[in-house]
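Report on the following structure.
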Amino acid sequence: MLGQLCSPNGYNHNIEVYKGRQHDNSELPKLQSLVFRLIDPVLDKGHHLIMNNYYNNIGLSKRLLLRKTHSTGTLRPNRKENPKSITSKKLKKGEHVWQKKRHVSKWKDKREVLCIMTKFHPTMVEVSYGKISKKTQGSS
C-alpha cells in the first residue's frame, strides 16, 4: 500500500510505502496514524485535505479540525460512527440530506453517495446536459 500527500497540481509532498506491521507509539487507529504522519508538515496551517473513503471517517475529520486542517471526501456507508439518521434515510434521485453537527451529507443521483465536508456547506445545483453531435469538417 502506498500513502501519499499531493498538492492539487499533483506534486508529491510526502510518500509512505507500507512495509508490513509497524509499531508506532500512536493511540490512533492504523490508517489515521498514517494520515497524520503524511500530513505532519502541513498541519496547523489551515490547509484542506481531500481523501477517498478508504482513509476518510468522522473521527479522523474531527481530529484534523482540532489541528486547523479541513477535510472533504466520501465515506463508506458501513462505518460505525456514521450518523444513523443520515445512513438509514432512503433518498429519491435528486434528494439530499445533511447533518450539520457532524458535517455529513448524503445525496442520490444514480446511487447514494455519503460524504463529509468540514469547510463547506453542501448545496444542490441543477445541472443539465444536452446532446452534442460531432461532425468532421471537410468530409463528404
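Quick one: length gained pulling GLU126 to LYS30 fully straight, 0.36 nm per residue minus the C-alpha distance?
The span from GLU126 to LYS30 would gain 30.6 nm if fully extended.
Size of the dipole of the chain about the Cα centre, Lys and Arg at +1 and Asp and Glu at -1 on the beta carbon, nothing else charged, in debye to 20?
Using Cβ point charges on Lys, Arg, Asp and Glu, the chain gives about 660 debye.
Among PRO122, PRO83, PRO41, determine the one that fluctuates most according to a GNM of the chain built with springs between C-alpha atoms less than 10 Å apart.
Of PRO122, PRO83, PRO41, the Gaussian network model singles out PRO41 as fluctuating most.
Under a GNM of the chain (C-alpha, springs under 10 Å), which listed residue has the highest mean-square fluctuation: LEU75, LEU91, LEU49?
LEU91
By a straight-distance test (C-alpha under 18 Å), which aspartates and glutamates pair with LYS68 as possible cross-link partners, with residues fewer than eight away in the same chain excluded?
ASP40, ASP44
Which net charge results when you count Lys and Arg as +1 and Asp and Glu as -1 among the other residues whose beta-carbon is under 14 Å from that of LYS68?
Once positives and negatives cancel, what remains is +3.
Candidates (1) 13.4; (2) 11.3; (3) 26.1; which is the computed mean projected area of the Cα convex hull in nm²?
(1)
Below 8 Å, C-alpha to C-alpha, sequence gap of six or more: please give me the relative contact order for the chain in percent.
16 percent
Using a Cα-Cα cut-off of under 21 Å, which lysines could be cross-linked to LYS110, ignoring same-chain neighbours fewer than 8 residues away?
Within the straight-line limit of under 21 Å, LYS110 reaches these lysines: LYS89, LYS90, LYS92, LYS93, LYS131.
Taken together, the values in this text are just the output of simple stated rules run on the coordinates, not laboratory data. Since the model is a prediction, treat every value here as computed from it, not as a measurement. Neighbour counts are summed over all protein chains in view; Cβ atoms, including those assigned to glycine, are modelled from backbone coordinates with ideal geometry.
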